[in-house]
Each structure stands twice: as C-alpha cells, then as structure tokens.
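Encoded as structure tokens, the structure appears first; notes follow it.
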C-alpha cells in the first residue's frame, strides 16, 4: 500500500513538471511572438520615417525658407531662381546711382558706369546646394531647420575702383574752378579793380572712398565731395594798395620805320597790364609772346653776328630796355639781364637790355610786399614804361645811375674777301667794324638831395667787330707794244672803285630779337 502511495506521488510530480515545462514553452513562444510583432512595428516606423525624410529632401526645387538677397526663392528651380534674380538685379542696377553734390551743382554716376557685376549664379548655387549634402538624417535636419529658421543668402558683387577714379576725374573737369586773382586795368589815368575768386578742386583721393563705401552697401545716394580750396595770389584789397608810380622811363623812336614801329606797339601791348604778385618773377620773353609773324611782329633791323640785318620782331629790345630802366628806377630786383652785343642809341651805355631766342631774357622779381602793375605803350615817337606799386620811401628818396667807362676793345684784324673778278690792287671796304667797350654802371641813392650810397650795379661789354674788305686778285693782261707812227687811241676813263673808309652809318635804333640773332 505504501508502494502505491509512493508510485502515485511520483506520477503527480512528473505531471507537475510537464505542466511547468509546457508553460515555459508557452511563455517563450509568447515573448518571441511579442518580439516579432514589436520588431516589425519598429521596422515599419523606421521605414515610414525614411520615406517621409526622402519625400522632404528629394525634391527638384529649392527648399522652403531660403531667400537670396531677401527674395524668396523656395519652391523654385535653379533656372527659375536665376531668371527672377537676374531681372531684379537688372532693375536694381538700372535704378541705382551715386550723386556727387556740391551746393546747387550735382553730377550722377550710375552703377552701370562703374562696372558693377552681381554674382547671381553663385548665390543660386548656394541656395540650391543647401540641404543636399551629407546623410539623409543630416539633410533632413538642415531642410527642416531652414524651413523653420529661414536662411537669406546675400549676392556678392564687384565694381571697378579704377572706373570710380575715372568718373570722378571726369566730374572734376567741370567741378574744379581755378582761383582768380583780382585784376587791374588802367583807363583814363585811373585803375579799375575786380574782385578775386577762390579756387575749388575735388580731392579725388578723399572722395573716392566715400563713393566706394556707398557701393559696398549696394545702394545709391548723395556723396558730398572733399574739396581743396585755393586762395588767390592777389586780392582786391591788395590791388587797392597800388597807388603810386614807383618807376618810369621813356625812349624815342623814328616814325620812318613802319615795321619796327609796329613791333614796338605789339611788344608794348603784350606786356601792358601785367600784374606781378609779391615774390613773382617777370620774364620779358614770356611777356612779349612768341616773336613770330603769326603773333603780329614784322621784319625790322636786328643784330646778327655783329651786323644789322632784317629779322622778325626787330625793335622789341627797345621795349625791353625801356622797361629795364623803369624797373631799376623802381628798385625791383633784377634776376637776369644781358646787354646787346653792340651799342644801341636809345639808352645810355650800360643801361640796355637784350632779348634773343631762348638764350637772352630780361627777368625781374617783385621783391616788395605789394602787387606791381606794368603800363607800357608806344605813341607819338615815345616808348613809355611805367611801374606802379606802393611807395615805401619818403618823398626825398631818389635813385640815379652813373656810367663809368672801363676801356675799349680794339677791332680785330680786318676780314678779307678775295674777288677773282676784280684786278689786283682793287680794295673796297664793304663793312666798317666797330671798336668795343667795357662799362660799369653804379647806382646812386640820395635822400633829400644828399648822396647816401653809391654802389656797383652792373657791367656791360660791347664787342668789337672787324672791318670787312674785298680785294681783287685778277692779274692784268700784257699789252703788245703799239705800231710805230700809229696814233694811240685815247682810252676811256674808267671809274675804279676807291676805298671807302667812312664808317658805315649805323641806324640809331637797332637791337636783337629773333632766335639766331645776337
């Protein structure tokens, strides 16, 4: 009985074990089933998300939220964006301009004149490429972030700085105004004086950066240029101080030389009315102007290699010498002066001044603190030069000049020309030379009739020239003896030229003028 009990107990235990094992199998199967179901769900969700991301990123237009230069290009193809932006750029380029404005005057510079170029293609490429690189999740994040936060891509552009400078230089030609001195003219014994004017010039080096700054902002507008102001050298107030005749001189001329007299008139007219500012240097060659027929000058006597010949502008040295004497009496500083090669008759020795080409000039400096006015005219047989300024000396102050003869220069050996057509023994002086001389000029200053100074002022050398002689070299033919009883014919009297030792009459008024003349 006890055995049966144990047997039944074992059978019960075995059945319990089998039940537990079956439950475990069922549990494992359930877990596996749940896992399979869950895994399938996860997979399905992942696939869903992938599809969703691909749907968002795999489009052939620019993503939402993207703008170029504040123009929305989302939903547009690259080509559409390019066309729209190019149209906008063309409109912008055509409408934008920079205005250079100075008071009531203005000048416009269109952007198109400065070669402004927009790199639209690069901006559209950047807009298109946004969100199109990297892994799917990375791209999706970029696209969704841009859609929410927005992205604006600026268009880069360039312009030509050299054209900025060129345009400003063009404007400056109209903008710039030269300073104008107060002018003086003398009519009916009185001065007429005009107002001075300041000069204005655009400072391109400082104005260009202002234009470039506006270009960097890609917008037009008004630029006020930087200006360089130039003060006139002579003001009306300065000219009003010219009240005194500080130097005057005149020389005489003959009424018989029409060409020479016209040259005197033209030369005087060309220097008449000249105003020199303090410190300014006057050049006679510049004042006379080109000594040409086109400038109104005529042929007249000039010194050429020691002789008097006809040349253009003969006579202007008389104007020069007359002015020189007025200047030294005004006690202005002589910068450059040349005597003639030979003496002249219209001023004392040592007080002449020659001009010739570009190698002889009369220059003097206004070394006073006031303007100086030159008046010059040729009329009624007189060349007159007056220097007006501001007298700084007392009324008893006077200036004079004294010539001291330093010696003569003998004539060189005569210049002989042989003439084979003239018989031996023939001798003709064709030109009578001149003896040269050296002189010194002294300046004498007196105050109220009392000499206070006497000092050397200048030296002048006038060269000697040789006599020119023509001699005959033709030998006489031998004459056969006459036949006897033949009555010789009385030969005709021949006037054999004799030697003329008289000095060649020198014109009273001769001087140098053209290039090549001394």
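Computed from the coordinates by the stated procedures, all read-outs in this text should not be read as laboratory data. Only a predicted model underlies this, so the values are computations on that prediction, with no experimental measurement involved. Ideal geometry is used to build each Cβ from the backbone, glycine not excepted, and the neighbour counts take in all protein chains shown.
Listed by Cβ neighbour count within 10 Å, with the fewest neighbours leading, 443, 167 appear as 443, 167. Enter the Cα centre distance for the pair region 121-190 and region 315-385, rounded to the nearest angstrom. If you average the Cα positions of each part, the centres end up 61 Å apart.
For residue 435 and residue 230, a Förster radius of 51 Å and the Cβ-Cβ distance give a FRET efficiency of 0.35, rounded to the nearest 0.05. Please list, in order, the residues from region 399-435 whose amide nitrogen is less than 13 Å from a point placed 7 Å along the Cα→Cβ vector of residue 459. Those under the cut-off are 406-407. Here region 358-379 is scanned for amide nitrogen atoms under 15 Å from the site 7 Å beyond the Cα of residue 241 along Cα-to-Cβ, giving 366-373. For the pair residue 197 and residue 363 in one chain, pulling the backbone fully straight at 0.36 nm per residue adds 57.0 nm over the alpha carbon distance.
Summarising the label geometry, the points placed 7 Å from Cα in the beta-carbon direction at residue 173 and residue 471 lie 7.1 nm from one another. The alpha-carbon positions of region 375-441 define a convex hull whose volume is 212 Å³ per residue. Got a sec? Which residues in region 341-357 would a label at residue 294 touch, if it sits 7 Å along Cα→Cβ and we count backbone N under 11 Å? Counting only backbone N, you get no residues. Using R0 = 41 Å, the C-beta based FRET efficiency linking residue 250 and residue 103 works out to 0.20.
At a Förster radius of 51 Å, what calculated FRET efficiency corresponds to the Cβ-Cβ distance of residue 212 and residue 141, to the nearest 0.05? That gives a FRET efficiency of 0.80. Shape annotation for region 307-462: C-alpha extents along the principal axes are 72, 33, 30 Å, from largest to smallest. The fewest-to-most ranking of 207, 130, 165 by surrounding Cβ atoms within 10 Å reads 165, 130, 207. From least to most packed, judged by other beta carbons within 10 angstrom and beginning with the fewest, 260, 24, 463, 132 follow the order 24, 132, 463, 260.
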